[in-house]
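The values are calculated or read from the model by the stated rules, or taken from the named source; none is laboratory data. Bear in mind that the values here come from a model prediction, so they are computed numbers and not experimental data. Cβ atoms come from the backbone with ideal geometry, glycine included; neighbour counts cover every protein chain shown. Only protein heavy atoms, including side chains, enter the accessible area calculation; ligands, DNA and RNA are left aside. Shrake-Rupley method; radii C 1.70, N 1.55, O 1.52, S 1.80 Å.
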Amino acid sequence: MPHWHDKNPTEEQLALLRSIRALAFDVDGVLTDGGIIYGTSGMEIKRFDCKDGLGLRLWLKAGFDLAIITGRESVAVSERAKDLNLKYVYQKCGDKAEVLKRFSLESGVPLKEICVVGDDIIDIPMMRSAGLAVAVGDASIECKEAAQLVTLKAGGRGAAREVIEYILKGRFLWDKVIADYYA
Ligand SMILES: [Mg+2]
């Protein structure tokens, strides 16, 4: 199983990392721990991670694009997206690979420069069409096998932050985007 913390990345892996200009995240199990709490009147409650949230903000601050692509539809996701000022939010997606193509067209970022982060079998088609496929640490076996990289952290527990830090550090941009906090 590939894991980016196992060894130093090769030149080829670093080149791939540095070519990434957009991220596409699945929601349930990637930006959340996968738990879905059903409230009254069809309300869904999800738990997002604040360190992931800051990671997403830093990614946008670095000037890159970001999409969330989910098979479900909920007010919780719309609210979280609004909170983070996300421009590309795709909910109720049947064919995620098709939606990834749409994101590529709308953002102008070629598929090979997009990194997709998933946690389960439903994400495999979009992971296959992206330049870099990442599975969260607690993803399904199939999803991990389809990924080039697997995070140490679990979905909704810092996996998104880990991916963002890894790419921004690989591009030597991390220190730059966090510099304001030290000013
Ligand atoms: Mg999922």
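Between beta-carbons, use under 9 Å as the cut-off and find the net charge around Pro125, counting Lys and Arg +1, Asp and Glu -1.
Summing Lys and Arg as +1 and Asp and Glu as -1 gives -1.
Kindly sort Ile121, Ile167 by accessible area of their heavy atoms, largest first, with the probe set to 1.4 Å.
Numbers: Ile121 95, Ile167 0 Å².
Largest accessible area first, the list is Ile121, Ile167.
Percent of alpha carbon pairs in the chain separated by more than 28 Å?
Taking all Cα-Cα pairs of the chain, the fraction more than 28 Å apart is 16 percent.
If I take R0 = 35 Å and measure r between the Cβ atoms of Lys112 and Tyr182 in this structure, what FRET efficiency does the formula 1/(1 + (r/R0)^6) give, to the nearest 0.05?
Values: r = 34 Å, r/R0 = 0.98.
Efficiency, from the Cβ-Cβ distance: 0.55.
Going from most exposed to least, what order do Ile36, Ile20 have by accessible area with a 1.4 Å probe? Working shown, then result.
Values: Ile36 50, Ile20 0 Å².
In descending accessible area the options line up as Ile36, Ile20.
By the gyration tensor of its Cα atoms, with a ≥ b ≥ c the square roots of the eigenvalues, what is the shape of the stretch 141-183: rounded for a/c under 1.5, prolate for a/b over b/c, or oblate?
Numbers: a/c = 5.60, a/b = 2.20, b/c = 2.54.
Oblate.
Could you give me the ³J(HN,Hα) list for the stretch 129-138, computed from phi with Karplus coefficients 6.51, -1.76, 1.60 and θ = phi - 60°, whole Hz, x at Gly and Pro?
Result, ordered by residue: 8, 8, x, 9, 10, 10, 10, 6, x, 10 Hz.
Determine ³J(HN,Hα), in whole Hz, for all residues of the stretch 161-173 in sequence, where each value follows from phi through the Karplus function 6.51 cos²θ - 1.76 cosθ + 1.60 and θ = phi - 60°; x replaces Gly and Pro.
Each residue of the stretch 161-173 in turn: 4, 4, 4, 5, 4, 4, 5, 5, 5, x, 9, 6, 10 Hz.
At a 1.4 Å probe radius, carbon and sulfur cover how many percent of the accessible area of the stretch 1-147?
Working: 3810 of 7250 Å².
Of the solvent-accessible surface of the stretch 1-147, carbon and sulfur hold 53 percent.
What is the spin-label model distance, in nm, from Leu105 to Lys61 if the labels are put 7 Å beyond Cα along the C-beta direction?
3.4 nm
Any idea what angle helix 96-107 forms with the longest principal axis of the chain, computed on alpha-carbon atoms, 0 to 90 degrees, nearest 10?
Helix 96-107 sits at roughly 60 degrees to that axis.
If each DSSP helix of 4+ residues adds -39,500 (n - 2.57) and the sum is divided by the residues in the chain, what number results at 222 nm, nearest 500 deg cm²/dmol? Walk me through the intermediate numbers first.
On the way: 8 runs with 71 residues, N = 183.
Here the helix-only value at 222 nm equals -11000 deg cm²/dmol.
Quick one: order Glu12, Glu98, Glu145 from most to least accessible surface, probe 1.4 Å.
Largest accessible area first, the residues go Glu12, Glu145, Glu98.
Output ³J(HN,Hα) for the stretch 21-37: one whole-Hz value per residue in order, computed from phi by the Karplus curve 6.51 cos²θ - 1.76 cosθ + 1.60 with θ = phi - 60°, and x for Gly and Pro.
Karplus-based 3J(HN,Hα) across the stretch 21-37 equals 10, 8, 10, 10, 10, 6, 9, 5, x, 10, 8, 10, 7, x, x, 10, 9 Hz.
For Ile45, what accessible surface area do you get with a 1.4 Å probe? Give it in Å², rounded to 10.
80 Å²
Enter the accessible area of Lys61 (Å², nearest 10), with the probe set to 1.4 Å and all protein chains included.
100 Å²
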